[in-house]
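In what follows, a single structure is set out as structure tokens and then discussed.
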Amino acid sequence: MKIGFDNEKYLKMQSEHIVERIGKFGNKLYLEFGGKLFDDYHASRVLPGFEPDSKLRMLMKLADKAEIVIVISAKDIEKHKVRGDLGITYDEDVLRLKKAFEDRGLYVSGVVITHFSGQSSAIAFKERLEKHNIRVYQHYTIDGYPSNVPLIVSDEGYGKNDYIETTRPLVVITAPGPGSGKMATCLSQLYHENKRGIKAGYAKFETFPIWNIPLKHPVNLAYEAATADLNDINMIDPFHLEAYGETTVNYNRDIEIFPVLNAIFEGIYGENPYKSPTDMGVNMAGNCIIDDEACCDASKNEIIRRYFTTLNRIVEEKADEKEAYKIELLMKQAKISPEDRKVTTYANELAAKLGTPCAAIELQDGRIITAKTSDLLGPSAALLLNALKVLGNVPKEVHFISPEAIEAIQELKVKYLAGRNPRLHTDEVLIALSTATLTDENAKKAFEQIPNLKGCQVHITTMLSAADLTTFKKLGVDLTCEPVIKKMN
């Protein structure tokens, strides 16, 4: 895999830039942290070399200066909103995030429940947190938010919110997902701090879109593809262009809200320290791209990957067709099509030839390995075994998992566990492979190659089970599937 991003430069430059921003506001900065602090796999896919935990590692460089406040909306608690990538509710994720931060030596000073209007589930969650000695603050809904600025910037608006007690120069405001109320939490704190004679500052940390690369750069187009369900649109920042004569990129929601933010800042401070949404940001990622071509190629592949993911979600009735139409438009802007993903073409051509579901994987050195459905294995399980054989230099004809062993597992699945699909899933075939390593040197060679699957590209010509999807995710494989549900025989 070609590296396109200098991760060490990013860690150094990003932490230094945040410290510099803290200094501009009298040593107190509220930093709205967008995107994922943990496991930012989107960033690592479109910026090859970006480590999924880069933002967390950057924060750890500032651990002595920083504290973290986790924000969750009472509305999301009430709706039992679930994180799509983890499959857990937002309230459970608050506890996960707190533990994960603290396990890494970061200080979590409290949790804010926003949009609070007496929801019973939010009250129960507050009581649950307090039993664990976690400080909990309540922020309330404000009539006419965000346009009713006189009410917002008053004792009946932000003034009604609980004041969050903080002690460190950098206060990171993060949340399980979008729409949690991070920005409002920051601005509420500015109001309270100002009333106490403290001129605290605000900044926004969003990795995407990257403000100092072109609007239609594939990295920025990939961000639009990733947020197709939110209908985010990248735009030239008109406020920045007017103020500085410089073209920068931001996204529609920040640009649309800026006039309101400007009025709120003026209501709090008497003036706005920022002339544009771009000014508010602290993202240095664009300065750390070292191979633009590698990042472009990776981003184009990501757009196609997002397209297939959306098609699958439409079949599952979890997405609207408008999302697919938007990504199709993005593909046209990037001058690509699904066929530009090599594994897609290989898998589909083989499936058309054989008349059965097939799969293809592109290894890190560019080699393409394929597999087909058999009586014993599904295409994804067969693909893993074929790829591991190639990586371990094991002859193709070698069978380190005997057909008898596979048949015994199939009997267990169907006869005793009431399974409908006798073929082995990817996790089952890897478990079978692991047991074979005890007596078979070839199996051991193949098994040791599992880490080398990370970052490989895979396409399957049928939709996979939840078990298979989870296994590929754990392996770090970039997977796409045709939006076709395979019928059991």
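The values are calculated or read from the model by the stated rules, or taken from the named source; none is laboratory data. The shown structure was predicted, so the numbers you read here are calculated from the model rather than taken from an experiment. Please note: Cβ atoms are built from the backbone with ideal geometry, for glycine as well, and neighbour counts cover all protein chains shown. All accessible areas refer to the heavy atoms of the entire protein, side chains included, with ligands and DNA or RNA removed. Shrake-Rupley method; radii C 1.70, N 1.55, O 1.52, S 1.80 Å.
Which members of the stretch 302-321 meet the condition of being part of a helix (DSSP H, G or I), under 21 Å from the mean Cα position of the chain (by Cα) and not hydroxyl-bearing (Ser, Thr, Tyr)? Glu302, Ile303, Ile304, Arg305, Arg306, Phe308, Leu311, Asn312, Arg313, Ile314 - these are the residues of the stretch 302-321 that are part of a helix (DSSP H, G or I), under 21 Å from the mean Cα position of the chain (by Cα) and not hydroxyl-bearing (Ser, Thr, Tyr). All of Lys444, Lys415 fail the test of being within 20 Å of Thr471 (Cα to Cα), out of contact with any Lys or Arg (no Cβ under 9 Å at 6 or more places or on another chain) and open to solvent by 80 Å² or more (accessible area, probe 1.4 Å), apart from Lys444. Being closer than 30 Å to Ile336 by Cβ and surrounded by 14 or more Cβ atoms within 10 Å (Cβ to Cβ) is a property that does not hold for Asp162. Among the residues making up the stretch 197-214, those that are open to solvent by 40 Å² or more (accessible area, probe 1.4 Å) and either at pLDDT 95 or above or farther than 25 Å from Phe265 by Cα (or both) are Trp211, Asn212, Pro214.
I'd like the full set of residues that are open to solvent by 80 Å² or more (accessible area, probe 1.4 Å) and either in contact (Cβ under 8 Å) with a residue 40 or more places away in the chain or in contact with a Lys or Arg (Cβ under 7 Å, 6 or more places away or on another chain) (or both), limited to the stretch 450-489.
Ile485
Would you point out the residue of the stretch 367-419, among those that are of a type in the set (Lys, Arg) and part of a loop (DSSP other than H, G, I, E, B), that is nearest to the chain's Cα centre (by Cα)?
Arg367
Gly84 - would you say it is on the phi < 0 side of the Ramachandran plot, modelled with pLDDT of 95 or more and small (Gly, Ala, Ser)? No, not satisfied. Among the residues of the stretch 108-133, just one is over 30 Å from Leu261 (Cβ atoms), in a loop (DSSP other than H, G, I, E, B) and in contact with a helix residue (DSSP H, G or I) (Cβ under 9 Å, 6 or more places away or on another chain), namely His132.
For the stretch 251-266, filtered to residues that are open to solvent by 20 Å² or more (accessible area, probe 1.4 Å) and touching a residue at least 24 places away in the same chain (Cβ under 8 Å), the residue that is nearest to Met280 (Cα to Cα) is Ile257.
Residue pairs whose Cβ atoms lie under 8 Å apart, separated by 6 or more positions or on different chains, with the first residue in the stretch 421-449 and closer than 15 Å to Asn386 by Cα and outside any helix (DSSP H, G or I) and the second among the acidic types (Asp, Glu) and open to solvent by less than 80 Å² (accessible area, probe 1.4 Å), are His425/Asp468. Kindly list the number of the only condition in (1) assigned to a helix (DSSP H, G or I); (2) exposed (fewer than 15 other Cβ atoms within 10 Å of the Cβ) that fails for Pro273. Among (1) assigned to a helix (DSSP H, G or I); (2) exposed (fewer than 15 other Cβ atoms within 10 Å of the Cβ), Pro273 violates only (1). Applying the condition of being outside any helix (DSSP H, G or I) and over 16 Å from Asn312 (Cα atoms) to the stretch 469-486 and asking which residue is modelled with the highest pLDDT yields Val477. Evaluate the following for Tyr107: is it in contact (Cβ under 8 Å) with a residue 12 or more places away in the chain and out of contact with any Lys or Arg (no Cβ under 8 Å at 6 or more places or on another chain)? So Tyr107 does not fit the description; no.
Just name the residue that is farthest from Gly476 (Cα to Cα) out of those in the stretch 70-84 that are within 16 Å of the chain's Cα centre (by Cα) and free of Cβ contacts under 8 Å to residues at least 24 places away in the same chain. Out of the qualifying residues, it is Val82. Of the helices (runs of 4 or more DSSP H) lying entirely inside the stretch 38-107, those carrying at least 3 residues that are over 28 Å from Ala222 (Cβ atoms), out of contact with any His (no Cβ under 7 Å at 6 or more places or on another chain) and open to solvent by 60 Å² or more (accessible area, probe 1.4 Å) are 90-103.
Answer yes or no as to whether Glu349 is at pLDDT 95 or above, in contact with a Gly (Cβ under 8 Å, 6 or more places away or on another chain) and open to solvent by 40 Å² or more (accessible area, probe 1.4 Å).
Against the criterion (at pLDDT 95 or above, in contact with a Gly (Cβ under 8 Å, 6 or more places away or on another chain) and open to solvent by 40 Å² or more (accessible area, probe 1.4 Å)), Glu349 does not qualify.
Scanning the stretch 310-348 for residues being within 18 Å of Pro218 (Cα to Cα), touching a residue at least 24 places away in the same chain (Cβ under 8 Å) and among the aromatic types (Phe, Trp, Tyr) gives a total of 0.
Taking every residue in the stretch 223-238 that is on the phi < 0 side of the Ramachandran plot and free of Cβ contacts under 8 Å to residues at least 40 places away in the same chain and pairing it with any residue that is polar (S, T, N, Q) and open to solvent by 30 Å² or more (accessible area, probe 1.4 Å), at least 6 positions away or on another chain, the pairs with Cβ-Cβ distances below 7 Å are Ile236/Thr247.
Restricting the stretch 170-185 to residues that are in a loop (DSSP other than H, G, I, E, B) and open to solvent by less than 30 Å² (accessible area, probe 1.4 Å), the residue that is farthest from Ile257 (Cα to Cα) is Pro176.
Each row is one residue, and each column tells you yes or no for (1) loosely packed, with under 14 Cβ neighbours inside 10 Å; (2) modelled with pLDDT of 95 or more; (3) not charged (D, E, K, R).
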{"position": "Asp320", "(1), (2), (3)": "no, no, no"}
{"position": "Lys332", "(1), (2), (3)": "yes, yes, no"}
{"position": "Glu362", "(1), (2), (3)": "no, yes, no"}
{"position": "Ile369", "(1), (2), (3)": "no, yes, yes"}
{"position": "Leu376", "(1), (2), (3)": "no, no, yes"}
{"position": "Leu388", "(1), (2), (3)": "no, yes, yes"}
{"position": "Val398", "(1), (2), (3)": "yes, no, yes"}
{"position": "Glu428", "(1), (2), (3)": "no, no, no"}
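Among the residues of the stretch 4-35, those that are closer than 19 Å to Phe208 by Cα and touching a strand residue (DSSP E or B) at 6+ places or on another chain (Cβ under 9 Å) comprise Gly4, Phe5, Asp6, Gln14, Ile18, Leu31, Glu32, Phe33, Gly34, Gly35. The set of residues in the stretch 1-37 that are among the hydrophobic types (A, V, I, L, M, F, W, C), part of a loop (DSSP other than H, G, I, E, B) and in contact with a Ser or Thr (Cβ under 7 Å, 6 or more places away or on another chain) contains only Leu37.
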